[in-house]
Amino acid sequence: MRIGICDTTFARVDMGAAVIDELKNNATDLKIIRQTVPGIKDLPVTAKILIEEEDCEIVMALGMPGPMRKDKVCAHEASTGLIQAQLMTNKHILEVFVHEDEEEDLKELKILAENRARQHAQNLIKMMFKPKVMRREAGQGKREGKEDVGPL
C-alpha cells in the first residue's frame with residue numbers, strides 16, 4: 001500500500017519523521033512517499049498530487065500554524081483545501097495540525113506535535129488495516145496528542 005506524507009518547512013517539529021517511524025514500526029508492506037512544501041496552504045495540492053500522480057491510497061497532511069490571527073486564517077484555508085482535495089479524489093487525507101499556541105512551553109509543544117503525529121499514524125493504520133478496531137473506538141472521546149476525554 002502506498003501512503004503519502006506531506007509536511008512543511010514552516011513547522012517547527014519534523015512531524016513527518018515521527019509519522020514515518022510510527023508507520024514503519026507498526027505496519028508492513030508500506031511504500032511511503034513524502035513531499036515537503038514551504039507552508040500550510042501548499043498542503044492541499046501536494047496531497048492531491050500524492051493521490052493522483054503517486055497512487056497513494058491515503059495521505060497525511062502535517063502542519064504547524066503559527067499563533068497569529070493570519071496563521072489561523074491560513075490554517076482554515078488549508079483545511080478547506082484538504083477537504084476539497086478529499087472530495088475530488090475520494091481518498092482520505094488525514095489533517096494533522098498542531099497550532100503553536102496549543103502549548104506555551106516549547107518542550108511541551110514538541111511533545112504534543114510528535115504525539116499527535118504518531119497517534120494519527122496509528123489512526124491511519126486502523127482505518128486502512130483494522131477498521132473494526134476503529135469502529136470500536138467510536139464515541140470514546142479519543143484525542144490525538146492530548147489526554148483522551150472519554151465517552152459521556
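The values are calculated or read from the model by the stated rules, or taken from the named source; none is laboratory data. Keep in mind that what you see is a predicted model, and the values were worked out from it rather than measured. Here the Cβ is made from the backbone with ideal geometry for all residues, glycine too, and neighbour counts use every protein chain on show. Please note that ligands, DNA and RNA were not included when accessible areas were found on the heavy atoms of the full protein model with its side chains. Shrake-Rupley method; radii C 1.70, N 1.55, O 1.52, S 1.80 Å.
Points to keep in mind about this one:
- Test for Glu95: is it assigned to a helix (DSSP H, G or I), in contact with a helix residue (DSSP H, G or I) (Cβ under 6 Å, 6 or more places away or on another chain) and not aromatic (Phe, Trp, Tyr): no
- Filter pass, Lys24 being closer than 18 Å to Glu100 by Cα, among the basic types (Lys, Arg), assigned to a helix (DSSP H, G or I) and open to solvent by 80 Å² or more (accessible area, probe 1.4 Å): no
- Of the residues making up the stretch 3-21, those that are outside any loop (DSSP other than H, G, I, E, B) and surrounded by fewer than 16 Cβ atoms within 10 Å (Cβ to Cβ) number 2.
- Residues of the stretch 27-51 that turn out to be of a type outside the set (D, E, K, R), at pLDDT 95 or above and open to solvent by 60 Å² or more (accessible area, probe 1.4 Å), as a count: 5
- Of residues in the stretch 139-149 being under 26 Å from Met15 (Cβ atoms) and free of Cβ contacts under 8 Å to residues at least 24 places away in the same chain, the one least open to solvent (accessible area, probe 1.4 Å): Gly141
- Close contacts from the stretch 36-50, counting a first residue that is part of a loop (DSSP other than H, G, I, E, B) and a second that is open to solvent by less than 50 Å² (accessible area, probe 1.4 Å) and of a type outside the set (Phe, Trp, Tyr), with Cβ to Cβ under 6 Å and a gap of 6+ residues or different chains, come to Gly39/Thr8.
- Scanning the stretch 101-121 for residues that are open to solvent by 80 Å² or more (accessible area, probe 1.4 Å) and of a type in the set (A, V, I, L, M, F, W, C) yields one hit, Leu106.
- The single condition among (1) out of contact with any His (no Cβ under 9 Å at 6 or more places or on another chain); (2) free of Cβ contacts under 8 Å to residues at least 60 places away in the same chain that Ala27 does not meet is (2).
- Matching residues in the stretch 122-138 - criterion: being open to solvent by 50 Å² or more (accessible area, probe 1.4 Å), assigned to a helix (DSSP H, G or I) and of a type in the set (D, E, K, R): Lys132, Arg135, Arg136
- Any chance Glu54 is open to solvent by 20 Å² or more (accessible area, probe 1.4 Å), outside any helix (DSSP H, G or I) and touching a residue at least 24 places away in the same chain (Cβ under 8 Å): yes
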